[in-house]
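Bear in mind these aren't lab numbers, they're just calculated from the coordinates by the rules spelled out. Predicted model only: the values in this text are computed from it and were never measured.
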Amino acid sequence: MHIRVLIVDDNRTMRETLRWMLNHEPDMEVVGEAEDGYAMLEIAQALRPDVVVMDISMPRMNGIEATQRLLAAHPLIKVIGFSSFDSGQYARKMLAAGASAYISKMDAANELPHALRAVMSGTAMPDIEQEFYSTK
């Protein structure tokens, strides 16, 4: 399975780092990037990615609202919440908005590729604190 990923983060360096990291995974391709929720909605409409890696804290439209709007329009697209906030409160808000998983930015290098594969396969993610993840 080839996983098509859209990265949404207001920090350009973070987007570039994630793009580099994920494009080096043999089964993943970053098909686009957006700096906020509004841009993401337009790009997702055009590109139809499999998964959106969604930052929570962004200007104009935060990741929680953007996730709700995206999934209302495209329920088959998966969302992974992505934030520097390593708090259960933010994870629960993203999961309640419809995200399939939540990853701390501090854990991205180790966990994001695994989370992407798990979300696409619908399996539980190994070795990850389960309260922050689901298998929607």
Non-local residues with an amide H under 5 Å from the amide H of LYS78, with H modelled 1.01 Å from N and Pro and chain starts lacking one, are VAL51, VAL52
Looks like the stretch 3-67, by Cα gyration tensor root eigenvalues a ≥ b ≥ c and the a/c under 1.5 rounded cutoff (else prolate when a/b is bigger than b/c, oblate otherwise), is oblate
Of all DSSP beta bridges having both residues in the chain, the percent classed as antiparallel (nearest 5) is 0
